[in-house]
Amino acid sequence: MSSVMLRVGNAVACVACRTLVPGRVGVRFPLPLQKLHPLSRAIHHRHPSNANPCTPAHRSAARHYTSLSRPPVRSARPSSGGHGYQQRRSFWVAQLATRLLRLRYLVLGSALGGGYTAKKTYEEWKDMLPDLSEYKWIVPDFIRKMNESINLEKLSRVLPDADELSKLLPDLAKLGENFSFLKGLLSKESSGEPALTPAENQAPENTDKKAALDELALVQQQITQQEEEAPKAPVDSPAPSPAQHKRKGAAEKEKAEQLQEELLRTQMKYQRMLERLEKENKELRKEVLQKDDKGIHQRKVKKSLIDMYSEVLDILSDYDSNYNTQDQLPRVVVVGDQSSGKTSVLEMIAQARIFPRGSGEMMTRSPVMVTLSEGPHHVAMFKDSTREFDLAKDDDLAALRGEIEIRMRKSVREGQTVSPETISLSVKGPGIQRMVLVDLPGVISTVTAGMAADTKETIFSMSRAYMQNPNAIILCIQDGSVDAERSIVTDLVSQMDPQGKRTIFVLTKVDLAEKNLASPSRIQQIVEGKLFPMKALGYFAVVTGKGSSSESIDAIKDYEEDFFENSALLKKGMLKPHQVTTKNLSLAVSDCFWKMISESVEQQADTFKAFRFNLETEWKNNYPRLRELDRNELFEKAKNEILDEVITLSQVTPKHWQTILQKKLWERMHSHVLENIYLPAAQTLDSGTFNTTVDIKLKQWTDKQLPHKALEVAWEALQEEFTRYVSECRGKDDIFDRLKEAVKEESIKRHKWNEQAEDSLRVIQHNALEDRSIADKPQWDGAIHFMEETLQARLRDTEAVIEDMVGPGWSQRWLYWKSRSPEQHIRNETKKELERMLKLNEDHAAYLANDEITTVRKNLEARRVEVDPNLIKDTWHQLFRQHFLQRAISHCNLCRRGFHYYQRDYQDSELSCHDVVLFWRIQRTLGITANTLRQQLTNTEVRRLEKNVKEVLEDFAEDSEKKGQLITGRRVQLAEDLKKVREIQEKLDAFIEALHKDK
């Protein structure tokens, strides 16, 4: 063969061949035969004896040349003689010497030139490099040793990845722009000079920002570089010994801890710089807002987005306190076990200690909706009040906590422990994140003494009602200082949000957990979502103070930062930096809140539009001719009608009042006059004794009973007239009937007659009764007529009583088939016996003697009628009264012509009409009393009643629950729903429009 394939290195067959080929070349190439060493060619590549010496050398189709070789020279065709090869071989010594000399010079020249060129290039490259000695502090020393073999896989698990690290870096460019804009705006307005340019404003801030970003980026770059170089480590290196492996593991652990500490220090440095910028930005914004309040800009400050959204939620809360399922607008619902620290978390987010506090007892007794927004001053205000509480003052903070506690206790009904009624509160301040949170009562596992039996179920149902809203963000608070197995709220949250798409988990009291737990890795399991059977969007660990209620928010923040900066949980990688502090928590919750609003608010607006259309259609079909008046408007209409009726009461004529008062007075007093005054006095034997007895009894009656009874009569007359007028007007709209009845009853209940009226009325009645002089004959005849009517009415009553005692007479028994009872038969026989006694002695006394009772009983026993003495007395009382009244009526007829004798004081006459004078005195007293009461009614009491009615109506107007009870019906509810839905839709549309503009 004329050529041979050689492999450089160990594949060369001989030493001579090896000296001609460089050892660094690692490729295959065909080498011409004439390029081989002559000795090697003679020994290894001789032609066989039978070979044709004239055969030309084989030429490869692909040839490779180097700087040390040249193309082969085409040899002349040898002669046909047999000495051709010997002639060619005779020059091998000269050729070999020539080649070696040329190779020496080439190698020597190349080495000298290459060295000089490399040195010059290195010096030029070194001069071009900047002096980095001043920037050695940027890169920690341990990063310079990263070329040594370390466990990068373990280190990558400890450190956050690039995406998580980028989340820790807010948009500082945007903050710088806002800062420069506000600073330039203030400088322009205060000095009248042009505002600074953005470059001038942002110079110091951009320098600090760039330095922090360079630090973080450099650390991340070094970590990424080591991760990329890790696979390139030599694979065939010898296995380390156990001691080396142990030292290597310790070094890796130490480097990982140093790297983690360096990263934390860098982050804390950046965090402090960011807080400083935020503080300056906050102060500038505060000054701008204060100048806006003073009218410097002469522009109207628009209502913030969060305030507009909060108004919608307030309307919905009033619309349905039971949390209507159609209301699916986002809220941040804060749930947790009792004393888990959820109220403290809310206070840290609100940056003020605004909630009442207790030691182990239930303090949150009703839902508290807190609307957080940014403002120039740190203030709080209830939605239904205009008072602002300055949260920078301790007195206002204490007053706010007391007011919240009072409202909670008022909302709880009697016999209950918690209430579903929502207390709405707004908190504004510089730097506060915008969101709406609802703090719910803590979930309990056991009902203790003093609680209602259904407290546990009520809290569970209330929490479910708020969490079942698919757009509600659930802030699940878990106490880190207690065993995780004792948690109740996690099971409840996992039931309402099994996928964890809207749940944020917060572990509180991490300082106590780190101190008390034997295995801190449980904290890592909790924040990684591996311990509880619930899922969440994010997990956070916070510290809410040392447990003292006197700690300020700033002190708690400092304590929290110091704890996490020195905590082994972060140093060992159990917690990630973005998972700690309430600052990061509030930012995350606010972002989720506004993201949920952007995704769901338009859908909710469409839902209310459809609901409004359905309500309007129902109203048109059922009440086409009526106006859509809600409950408040209907109440105002009913109020005007009731006041008109009260005004009509003041137009009652004096004659009408006089008549009804006098009639009612006598109806109330005639029994007392007859039984206690007239009948006892009529039993006397002479006129002097009669008059004395009458005067004594009239005086006693006037002093004790008559004035008070008269006022009661007047008050009853006023009530009846008021009721009559109200009843006559109730037919206008039956929807007001219950309201009018309630107003009437409450007004009458509140009305009290003037106490001085009784004393003045007593004096008037005394003077009227002392007068005995009848002026003329008409008055005499009027007194006789009054007396006769009174006695006849009493006689009819007495006869009815006697008839009921003795039973039906013979005509009724025969015509109507009635019969007497055994008792009536006995009374009838007793009556007959007593009538015989009266016929024998018509002037008999009013009472029976004992012997007379015995005689009557024996006479009845003779007729086989057994009778009780008490029955005889009762029968005699009614029978004697009938006899007396009949004689008194006859006496009235005799006194009709006795006025002449009365004027002569009954001289030369046996006729005595002192009983007529008694009835005249009583009649006159009644007339004077009725007139006095009429004047009090028309001048005072009617007006006072009208005032009471107005007060009752005003009280009812402020009591929504009362109005809901008194004005009811589908018509009212439909109008209420229409008004609320329209208002909600308008507020939502305005909010959506503002939200789009803000984007």
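The values are calculated or read from the model by the stated rules, or taken from the named source; none is laboratory data. A quick note: this is a predicted structure, and the numbers were derived from the prediction, not measured. Glycine gets a Cβ as well: all are built from the backbone with ideal geometry, and neighbour counts include every protein chain shown. The accessibility values were calculated without ligands, DNA or RNA, using every heavy atom of the protein model including side chains. Shrake-Rupley method; radii C 1.70, N 1.55, O 1.52, S 1.80 Å.
Here are the numbers for the structure shown:
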item: Only Lys, Arg (+1) and Asp, Glu (-1) charged, at Cβ; the stretch 891-993 dipole about Cα centre in debye; result: 600
item: log10 of Debye I(q)/I(0), alpha-carbon scatterers only, for the stretch 453-511 at 0.13, 0.22 Å⁻¹; result: -0.37, -0.94
item: Compactness of the stretch 687-728 - radius of gyration and Dmax, Cα, Å; result: 17.2, 54
item: Solvent exposure of the stretch 536-619 as accessible area per residue, Å², 1.4 Å probe; result: 45
item: 30 Å Cα-Cα threshold exceeded, pairs from Lys664/Lys744; Lys456/Lys744; Lys428/Lys535; Lys595/Lys620; result: Lys456/Lys744; Lys428/Lys535; Lys595/Lys620
item: Sequence ranges 541-547, 836-842, 895-901, ranked by mean other-Cβ count within 10 angstrom, highest first; result: 541-547, 895-901, 836-842
item: Highest to lowest packing among 403-415, 821-833, scored as the average C-beta count within 10 Å; result: 821-833, 403-415
item: Per-pair calculated FRET efficiency, R0 = 25 Å: Val447 and Lys501 via Cβ, rounded to 0.05; result: 0.15
item: Cα-based shape type of the stretch 937-992, given that a ≥ b ≥ c are square roots of the gyration tensor eigenvalues and the cut on a/c is 1.5; result: prolate
item: Rel. contact order, % - alpha carbon contacts under 8 angstrom, at least six apart, the stretch 364-412; result: 36
item: Residue pairs, from the table Lys777/Lys873; Lys637/Lys947; Lys947/Lys980; Lys509/Lys530; Lys609/Lys740, whose Cα atoms sit over 30 Å apart; result: Lys777/Lys873; Lys947/Lys980; Lys609/Lys740
item: Shape box of the stretch 838-896 [Cα atoms, principal axes, largest first, Å]; result: 47, 19, 19
item: Mean separation of Cα contacts under 8 Å (6+ apart) over length of the stretch 668-790, as relative contact order %; result: 28
item: Under 5 Å, built H, 5+ apart or other chain: amide partners of Arg434; result: none
item: Length gained when the stretch Leu840-Asp644 is fully extended (0.36 nm per residue, less Cα-Cα span); result: 63.8 nm
item: Theoretical FRET efficiency, 1/(1+(r/R0)^6), r = Cβ-Cβ of Trp814 and Ser760, R0 56 Å, to 0.05; result: 0.40
item: By average C-beta atoms within 10 angstrom, highest first, the peptides 629-637, 453-461, 975-983, 613-621; result: 975-983, 629-637, 453-461, 613-621
item: Distance histogram for the stretch 520-597 (every C-alpha pair counted, 10 angstrom bins, percent rounded to whole numbers); result: 17, 42, 34, 7
item: Taking the stretch 498-642 and dividing mean pair separation by its residue count, relative contact order in percent (alpha carbons under 8 Å, at least six apart); result: 20
item: Gained length - Asp454 relative to Gln700, 0.36 nm times residue gap less alpha-carbon distance; result: 82.5 nm
item: Rg/Rh for the stretch 642-737, where both radii come from Cα atoms and Rh is the Kirkwood radius; result: 1.22
item: At R0 = 56 Å, FRET efficiency that the Cβ-Cβ distance of Ser671 and Gln416 yields, to 0.05; result: 0.65
